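See below for the structure under consideration.
The values are calculated or read from the model by the stated rules, or taken from the named source; none is laboratory data. What you see is a predicted model; the values in this text were computed from it and never measured. Please note: Cβ atoms are built from the backbone with ideal geometry, for glycine as well, and neighbour counts cover all protein chains shown.
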Amino acid sequence: MADKIPILFDTDIGSDIDDALCLAYLLKQERGDLLGITTVTGEPVKRAMLADAVC
């Protein structure tokens, strides 16, 4: 298998479904190495909790 691709996912999860689906997709990719998730815009604690729930 080829080397894993390092990923840092910067998201505004919680404002629409697209970021939650993208995170779920990234978690299932064998070649991806999800190093971390950052949240942007308002309500960072709520967004972090949503990202944690998807993980």
Inter-residue pairs, beta-carbon under 7 Å, first without any contact (Cβ under 8 Å) to a residue 24 or more places away in the chain and in the range 39-52, second part of a loop (DSSP other than H, G, I, E, B) and of a type in the set (Gly, Ala, Ser), 6+ apart: none
Considering only the range 1-19, state which residues are surrounded by fewer than 12 Cβ atoms within 10 Å (Cβ to Cβ) and more than 18 Å from Glu43 (Cα to Cα). Met1, Ala2, Asp3, Ile5, Pro6, Leu8
Those residues of the range 9-30 which are farther than 14 Å from Cys55 by Cβ and under 8 Å from the mean Cα position of the chain (by Cα) amount to Asp10
Is there any pair with a first residue in the range 16-29 that is modelled with pLDDT of 95 or more and a second that is part of a helix (DSSP H, G or I) and among the β-branched types (Val, Ile, Thr) whose Cβ atoms are under 6 Å apart and which are 6 or more apart or on different chains, and what are they? Ala20/Val54; Leu23/Val54; Ala24/Val54
Quick test of your reading of the structure: Asp3 fulfils all but one of (1) part of a strand (DSSP E or B); (2) of a type outside the set (Phe, Trp, Tyr); (3) at pLDDT below 95. Name the failing condition by number. (1)
Tell me yes or no: at least one residue of the range 31-51 is within 8 Å of the chain's Cα centre (by Cα) and loosely packed, with under 11 Cβ neighbours inside 10 Å. yes
